[in-house]
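Asker: This is the structure, below, for whatever I ask next.
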Amino acid sequence: MLDLDLTRRNFLKTSGTVLIGTLASSSGVLSMLAPSQTWALELTKLDKPIGQSLLQATRHIFPHATLDDAVYAFVVKDLDVAAAGDDAVAKLLTDGVATLNAGAGGDWLAADNDKQFVVIEKMAGNEFFEKIRGTAVVSLYNNELAWAHFGYEGDAWKHGGYLTRGFNDLKWLPDPPADASPPAFSTS
Amino acid sequence: MAKYDLKDDGVVVIIGSGAGGGTLANELCQKGVQVVLLEAGKHESNDSFVNDEWSSFGQITWLDSRSSSGSWRVGKDFNGLPAWICKTVGGSTTHWAGASLRIQDHEFRVKTEYGDIDGANLLDWPLTLKDLEPYYAKAEDKMGVTRTHGIPGLPGNNNFKVMHAGATKLGYKNCNTGRIAINSRPRDGRASCIQLGFCFQGCKSGAKWSTLVAEIPKAEATGKLDLRPQSHVLKIEHGKSGKVTGVVYADAEGHQHMQKARAVCVAGNSIETPRLLLNSASNQYKEGLANSSGQVGKNYMRHMTGSVYASFDEPVHMWRGTTMAGIISDESNNDPKRGFVGGYEMETLALGLPFMAAFLDPGAWGKDFTAKMDEYSHMAGMWLVGEDMPQESNTISLHANNKDQHGMPTPDVHFDDHPNDIAMREHAFKQGSAVYAAAGAKENYLVPPYPSTHNLGTCRMSAKDADGVCNAHGQTHDISNLFISDGSQFTTGAAENPTLTIVSLAIRQADFMAKQMSEKAI
């Protein structure tokens, strides 16, 4: 389980391989691939360069410097599912990536970070951009890897709630008096 | 459980099983009345509820097509989801956070207290706090509201500690863990709270009062209740006399049935209730049922709302424990010197990471947004909820073209903020920010309204027939055996979370209906 006392940097350093292992074994749609790249996606509709561009586009739209690509890959997975279910979405995403490439003089992914941003920023609010943003605002933050990264603890029921697991463990402010905040019920 | 024949015209039909309908059903069944309770949603349970925000959202939320219009920000951010209410047995009591506050004395007569406000369709309630007090007491006992009837308050969580520290430094005097319908001790066959933090998602432990876990099982135990989930009412029928005779509903397969009735009580929440009355228009009632005043669907209120989240150097873990863990009531009075009439409550609120991403700044992107999200584990949060002005132009109407899965016109929710609502929100943002600044916040995030959870006023009660849709008992002015049994009855919104008042009105209505039935008046 995640130890919240570890700093985020340490967490990522020490558990990065766990993240990868978890994804590879549990999701099935992601697997290890080329040595130059930690991630590749088993895409059903979109081709690999499109998928890579969408992942990078998502990193520009919701930039979390230390958030693993593996988490961004969930967004690409959901975009791919949407594209597989609707040709109009597939076309929207494919055409959008073509626009990114054209804006970067041919290969948007090969451009440097600043140049990439200038190109995608111009597309803010258009249908392509909104498709990625609208998908990502859910997919990026709605998975256990993201929850671990941000420190959110997810399902409390399976752990019996927080009554004995820190619902009131904050120590850096004074405790309220008992009339404002009475003690919890206890059978012991 | 009872099973009544579709042709049985001795039953009372209640439409909707939430705070109003679910409570009314139990109260009537306890008196021996035969009740058919029609609920559009499915029958979930503590076992089927999930501690997962988006999954739960898909499980219990009313997601049938709706549209919105007007200048309110919800209309832009969540155009197809103007309200965040439920389609499930228990209605929005499965989703509510439990805050159980009585409406204040002066809030029952705001036209008298506030005077004329430009653009506001103010009206005094046809009943007073004194009239409602005995029913508030019964409701609090029924619901196990903390800090009433000798029930201890709940313990405050980390989010409350931050609120309390800031409130105290700021000089507020009324900050505590509030009156909440969540068991602080085992009570009424239900366990005490284990601080799950998923109050909005149904409460798997059953510590939170809902009609699903409290009223409906008790009604079923009487043998008088015929609960029919997945039964979506499309139309209320009436006879030549003008009295209602039954309802037409679609079952899970979409097959339509006509259930006869002695009386019909509509409790579909303030969007569906007027929608149904409007959709039941006939040759005799061309503008819809009970609409001789023209007020059906008008005066839609949704409370002045907004949220303040703040980030701190140290962790908070605000998601741990009850969602609405504490309240500051110091701003709930009417003090026009602040620049607005009416007041507001400040109540802790926490969102999980998935919902925080969706609601923190809808539509936002880029590093300003993600820098805030990076602070998630160090955030505290509060919701601001206050009285909004009823405006006749804020309406629920039938969409001209769009139809739902049953062929029923979809509702359009039109809303513009009143200048008083805006002034109050600005004040509340300022005070909420000051609370967190006093507790040592690094930064405050002012969060615009979520889709409406407090939907009120669209079939309001009034002393005079011309001013509203129903009387002080929820009986419609036009049709004696047709009742409004939910928050649609509210004449004005008051600052308080409405559920306790809806439940109290339902208990009172049940007494009235039983008397009317015994006198053969209905």
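The values are calculated or read from the model by the stated rules, or taken from the named source; none is laboratory data. For clarity, every value in this text was computed on a predicted model and none was experimentally measured. So basically every Cβ, Gly included, is an ideal-geometry build from the backbone, and we count neighbours across all protein chains shown. These area figures cover heavy atoms from the full protein model, side chains too; ligands, DNA and RNA do not enter into them. Shrake-Rupley method; radii C 1.70, N 1.55, O 1.52, S 1.80 Å.
Asker: Restricting attention to region B:391-431, report how many residues are part of a strand (DSSP E or B) and farther than 19 Å from residue B:451 by Cβ. Let's see the steps before the verdict.
Answerer: First pass over region B:391-431, keeping only residues part of a strand (DSSP E or B): B:395-403, B:409-414.
Then drop every residue that is not farther than 19 Å from residue B:451 by Cβ, which leaves B:398, B:400-401, B:403, B:409.
Count: 5.
Asker: Another question, if that's okay. Since residue B:5 meets every condition but one in (1) modelled with pLDDT of 95 or more; (2) closer than 18 Å to residue B:219 by Cβ, which condition does it not meet?
Answerer: (2) is the only condition that residue B:5 fails.
Asker: Among the candidates B:341, B:308, B:316, single out the residue that is open to solvent by less than 10 Å² (accessible area, probe 1.4 Å), at pLDDT 95 or above, in contact with a helix residue (DSSP H, G or I) (Cβ under 7 Å, 6 or more places away or on another chain) and outside any strand (DSSP E or B).
Answerer: From the options B:341, B:308, B:316, the qualifying one is B:316.
Asker: So which residues in region A:155-168 are more than 7 Å from every other protein chain (Cβ to nearest Cβ) and either surrounded by 16 or more Cβ atoms within 10 Å (Cβ to Cβ) or assigned to a loop (DSSP other than H, G, I, E, B) (or both), if there are any at all?
Answerer: A:164, A:165
Asker: Being open to solvent by 20 Å² or more (accessible area, probe 1.4 Å) and free of Cβ contacts under 8 Å to residues at least 40 places away in the same chain, is that true of even one residue in region B:195-211?
Answerer: Scanning region B:195-211, I find no residue that is open to solvent by 20 Å² or more (accessible area, probe 1.4 Å) and free of Cβ contacts under 8 Å to residues at least 40 places away in the same chain, so the answer is no.
Asker: Being surrounded by 19 or more Cβ atoms within 10 Å (Cβ to Cβ) and over 19 Å from residue B:263 (Cβ atoms), is that true of even one residue in region B:506-521?
Answerer: no
Asker: Considering only region B:281-300, state which residues are crowded, with 24+ Cβ neighbours inside 10 Å and in contact with a His (Cβ under 8 Å, 6 or more places away or on another chain).
Answerer: B:289, B:290, B:300
Asker: How many residues does region A:127-154 contain that are assigned to a loop (DSSP other than H, G, I, E, B) and modelled with pLDDT under 95?
Answerer: Residues meeting the conditions: 1.
Asker: Quick check: is even one residue across region A:70-87 within 14 Å of chain B (Cβ to nearest Cβ), open to solvent by 10 Å² or more (accessible area, probe 1.4 Å) and under 19 Å from residue A:48 (Cα atoms)? Don't jump to the end; show me each part of the working.
Answerer: Restricting attention to region A:70-87, the residues satisfying the condition of being within 14 Å of chain B (Cβ to nearest Cβ) are A:71-72, A:74-75, A:78.
With open to solvent by 10 Å² or more (accessible area, probe 1.4 Å) added as a condition, the list becomes A:74, A:78.
Those still in the list that are under 19 Å from residue A:48 (Cα atoms) too: A:74, A:78.
Scanning region A:70-87 turns up at least one residue that is within 14 Å of chain B (Cβ to nearest Cβ), open to solvent by 10 Å² or more (accessible area, probe 1.4 Å) and under 19 Å from residue A:48 (Cα atoms).
Asker: Given the options B:120, B:97, name the one that is of a type outside the set (Asp, Glu) and closer than 26 Å to residue B:381 by Cα. Can you show your working first?
Answerer: Working: B:120 fails: closer than 26 Å to residue B:381 by Cα.
Sole residue among the options that is of a type outside the set (Asp, Glu) and closer than 26 Å to residue B:381 by Cα: B:97.
Asker: Let me confirm something: among B:380, B:350, which residue is part of a loop (DSSP other than H, G, I, E, B), surrounded by 22 or more Cβ atoms within 10 Å (Cβ to Cβ) and touching a Ser or Thr at 6+ places or on another chain (Cβ under 8 Å)? Working first, answer last.
Answerer: Numbers: B:380 fails: part of a loop (DSSP other than H, G, I, E, B).
Residue meeting the stated conditions: B:350.
Asker: Can you list residue pairs whose Cβ atoms sit under 6 Å apart, with the first residue in region A:114-126 being more than 10 Å from every other protein chain (Cβ to nearest Cβ) and the second being loosely packed, with under 12 Cβ neighbours inside 10 Å? Count only pairs 6 or more apart in sequence or on different chains.
Answerer: none
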